[in-house]
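The values are calculated or read from the model by the stated rules, or taken from the named source; none is laboratory data. It should be emphasised that the depicted structure is a prediction, and the values quoted were computed from it without experimental measurement. Methodologically, a virtual Cβ is constructed for each residue, glycine included, from the backbone with ideal geometry; neighbour enumeration extends over all protein chains shown.
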């Protein structure tokens, strides 16, 4: 069973469905991301729960009409809790042949395909690799195909505004949106308001877009629609009352970093270098200057990490951010922060690797890099983000750990979470517990590496403080004094204390809980990061089928929660689904000598619920 | 009531730490260390507001010997670390110390960017034209033909000129001195300290073990008058014993020429006057090499410009002023929101 909606006829002749998955796909220039975000906003306002997944090409302006230039935006919205952006599509809207050929495989049997027949020209067909027009032969049998010449209808709808043909065609995404709004009985007002604000200075463009949106909607309403196309009703979901917004992982992490800095009473120095998909953080923090946030676009990844460390040394909250290849470049500097015991938050928006890999495709294959990826014995805490909104809490937690324990902390998020969005019940900032940093100012018995008895953290001293002048550096430091020490016994002692400090954090983080199910089940599905949604839905579905399975999802990767080994020991089998070749599985086997098995894939896309259900069944029905 | 005693004037010795200095006996770094300590004492610098940041190499041990705040970082990255320090606290006096390998090879990129951004730092490049700490390999400033463990038949790549590099990337203060010029060096360092922006000082420094005497063709007593010109803003570019030689600008060929006063009717009025705000002149001075020319020392170029960190904080101050109030709750609620009843 996958996330298939059950259907019944409602009174208005609309078919009621519990949830639906819609994907808009077209050329990079067709405005599919914008179309998707409009549909998302409208679904949210209609009270649906939802999850989205934008999927865009690595090339900024790929040649028009090519398969590698296809940009898509998927939304799963429903009257129930939505855990993923959806396995298979109920509706696929394609703006050209390339979008059809690259997305058709994801449409469920008998699903709806709405195609702009006007874009299925001989030239576009050739570019997509079609020998004949798939809209005109029987190749789309098994789908409900709706052919509409949206290009022509859009140009007609906006004729009165005197735009060129090219300009007029820019509105065809709004025409398509109008049709889908009609299909799901959605209100257009939020989009109209947005267009009027966005194009306030180009009223003709605003009017043309609104006209196209209305025309698409009217096209459906005035019964020009083919019978294949049904109309649907997705009721609002039961959602905790309160004030909501949609939030992407990029937004939640940047807001969380800001919140963390305020809770610690520190100013942020965010030092970064542009890289996909991590740049969103730099863009967002660069717009938070009124909070005293310093952003620094450094000359390279190494300089970004080094500058963040310099800022922390001077008493700011140094943060650096990147994706896998950039994190690799920063690692020597991160080692310096470990050695000199300075706070540093490192955000890693993982992407498919190795090397450049697939920059716009998601993966969670930097766990090894985060936990093990430095020269020497160089332990650092690693925590992970599970959903687009989860980044807020995780980023705050990273700031707390980094400043309390005087250590770099790596936050693992990924390209999927960074770009995907979900509704977020907006917290009250005043509810969060403060963790104000206290800088050392007392010269009495001061030694730069004299540790706190409980946390083993050394004191943080701002340059500028009288009578506390001292020197720190990457050469091994003498226990307490921090002077250069080549003494082998001292190195042993310092290596041990660095490890003990980081492992001790396990006593300062929550015990691991079970997300779904009970301890002692036949199978525990253990995940981390952005696989939360599909694992959660798959485990719930399998439990509905009567299988004895539980879900455990880790936020803390290093150190692991103190009760995790004992908890995992209660299950007969452990399955670790990951979008890598088995990195958490290795860690769990290593730490607990447990026979954890993996379910692994690296095709650049999030797990489908169905494939996880199959993996669970395979272990419980053998 | 607290009785404020007048602040005690610090001496050079007050800027020395209790750590044993571990450079090779006779290393030029000792003289530079003394020169810097003297400079800070003369400037009445405040040790608590002074930070020394270094990378890796012999020169980079420098912070351990300064009774100030100090950060010995990683190879080549000191300009980046120092930039972070200044971004976090522009009030600190930050000095960056490194060698030619650290700053022009592995860290060349950072050196370029910290100079072009004009971060308010004193950047001291100890140029000894060799890798000392790794035991004598040639460096990016080594002359072609330098024999070293990694170039047994002599190095074959063109060296970089530190001062020309700094000028080329838009430096706002470029100066030169030498380890053995104990009077000249503190004067140059004081100018560097007073300049707001990235003050780049190339200090010719003798590595007694791996490259001994590499600068003797212009630093030895017997040749120094003839082979060094100490430039001063607004003063004619004279050098040589009894200041009998000078530089004139050959305007047809757009280059400097060495002339002797009294020969061919040349008088001091014909001699070019140093203008430290003239980047073209500074470049020509930086290009001069013995034996045809003397080595130019002193402040080759100085032109005030806004510092990077000041501009960063000016933007923040403006944004803070423009916003009614920096409030996290309203930021969290910015944009489209909706209420679920």
(request) Please determine, by comparing only the residues of region A:473-483 that are part of a loop (DSSP other than H, G, I, E, B) and within 7 Å of chain B (Cβ to nearest Cβ), which one is nearest to residue A:315 (Cα to Cα). (result) A:474
(request) Give region A:484-510 a look and list any residue that's away from chain B (no Cβ under 14 Å), under 18 Å from residue A:448 (Cβ atoms) and either modelled with pLDDT under 95 or in contact with a strand residue (DSSP E or B) (Cβ under 8 Å, 6 or more places away or on another chain) (or both), or say none. (result) A:494
(message) Among the numbered criteria (1) in contact with a strand residue (DSSP E or B) (Cβ under 6 Å, 6 or more places away or on another chain); (2) more than 30 Å from residue A:81 (Cβ to Cβ); (3) surrounded by 17 or more Cβ atoms within 10 Å (Cβ to Cβ); (4) more than 14 Å from chain B (Cβ to nearest Cβ), which one does residue A:225 miss?
(response) (1)
(request) For residue A:470, work out the one condition from (1) closer than 30 Å to residue B:330 by Cα; (2) out of contact with any helix residue (DSSP H, G or I) (no Cβ under 9 Å at 6 or more places or on another chain); (3) within 14 Å of chain B (Cβ to nearest Cβ) it doesn't fulfil. (result) (1)
(request) Return yes when residue B:155 is more than 13 Å from the chain's Cα centre (by Cα), over 23 Å from residue B:10 (Cβ atoms) and touching a residue at least 24 places away in the same chain (Cβ under 8 Å) and no when it is not. (result) no
(message) For region A:441-463, check the following and say yes or no: at least one residue is within 30 Å of residue A:38 (Cα to Cα) and assigned to a strand (DSSP E or B).
(response) no
(message) Pairs please, first residue from region A:490-506 and on the phi < 0 side of the Ramachandran plot, second anywhere and buried (at least 16 other Cβ atoms within 10 Å of the Cβ) and in a helix (DSSP H, G or I), Cβ atoms under 7 Å, 6+ apart in sequence or on different chains.
(response) A:498/A:338; A:501/A:405; A:505/A:401; A:505/A:405
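Based on this model, can you work out whether residue B:312 counts as buried (at least 20 other Cβ atoms within 10 Å of the Cβ), within 20 Å of the chain's Cα centre (by Cα) and touching a residue at least 40 places away in the same chain (Cβ under 8 Å)?
no
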(message) What's the number of the only condition in (1) within 14 Å of chain B (Cβ to nearest Cβ); (2) over 30 Å from residue A:363 (Cβ atoms); (3) assigned to a helix (DSSP H, G or I) that residue A:235 fails to meet?
(response) (3)
(request) Confirm whether residue A:469 is within 19 Å of residue B:92 (Cβ to Cβ) and modelled with pLDDT of 95 or more. (result) yes
(message) Among the residues in region A:48-63, are any at pLDDT below 90, crowded, with 19+ Cβ neighbours inside 10 Å and within 23 Å of residue A:182 (Cα to Cα)?
(response) yes
(request) Return only the number of the condition from (1) away from every other protein chain (no Cβ under 13 Å); (2) part of a helix (DSSP H, G or I); (3) touching a strand residue (DSSP E or B) at 6+ places or on another chain (Cβ under 6 Å) that residue A:345 does not satisfy. (result) (2)
(message) Please go through region B:314-341 and give me each residue that is touching a strand residue (DSSP E or B) at 6+ places or on another chain (Cβ under 9 Å) and at the interface with another protein chain (Cβ under 8 Å from one of its Cβ atoms), ordered by number.
(response) B:316, B:332, B:333, B:335, B:336, B:337, B:338, B:339, B:340
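Table: residues versus (1) in contact (Cβ under 8 Å) with a residue 24 or more places away in the chain; (2) more than 14 Å from chain B (Cβ to nearest Cβ); (3) farther than 27 Å from residue A:54 by Cα.
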site	(1), (2), (3)
A:210	yes, yes, no
A:215	yes, yes, no
A:230	yes, yes, no
A:247	yes, no, no
A:251	yes, no, no
A:255	yes, no, no
A:258	yes, no, no
A:263	yes, no, yes
(request) Could you run through region A:298-313 and say how many residues are over 24 Å from the mean Cα position of the chain (by Cα) and in contact (Cβ under 8 Å) with a residue 40 or more places away in the chain? (result) 3
(message) When you scan region A:80-95, do you find a residue that is surrounded by fewer than 22 Cβ atoms within 10 Å (Cβ to Cβ), out of contact with any helix residue (DSSP H, G or I) (no Cβ under 8 Å at 6 or more places or on another chain) and at pLDDT below 95, even just one?
(response) yes
(message) Against the condition in a strand (DSSP E or B) and on the phi < 0 side of the Ramachandran plot, how does residue A:514 come out, does it pass?
(response) no
(request) For region A:408-421, indicate whether the set of residues that are more than 11 Å from chain B (Cβ to nearest Cβ), touching a residue at least 12 places away in the same chain (Cβ under 8 Å), in a loop (DSSP other than H, G, I, E, B) and crowded, with 24+ Cβ neighbours inside 10 Å is non-empty. (result) yes
(message) Residue under question is residue B:208, and the condition is that it be under 24 Å from the mean Cα position of the chain (by Cα), assigned to a loop (DSSP other than H, G, I, E, B) and at pLDDT 95 or above; does it hold?
(response) yes
(request) Assess whether residue A:159 counts as being at pLDDT below 95, within 34 Å of the chain's Cα centre (by Cα), surrounded by fewer than 17 Cβ atoms within 10 Å (Cβ to Cβ) and more than 18 Å from residue A:95 (Cβ to Cβ). (result) no
(request) Tell me which of these residue A:434 doesn't satisfy, since it passes every other one: (1) more than 14 Å from chain B (Cβ to nearest Cβ); (2) in contact with a helix residue (DSSP H, G or I) (Cβ under 6 Å, 6 or more places away or on another chain). (result) (1)
(message) Against the definition (within 9 Å of chain A (Cβ to nearest Cβ), surrounded by 24 or more Cβ atoms within 10 Å (Cβ to Cβ), under 18 Å from the mean Cα position of the chain (by Cα) and farther than 23 Å from residue B:184 by Cβ), how does residue B:51 come out, yes or no?
(response) yes
(message) Restricting to region A:119-175, name every residue that is in a helix (DSSP H, G or I) and under 20 Å from residue A:227 (Cα atoms).
(response) A:138, A:139, A:140, A:150, A:153, A:175
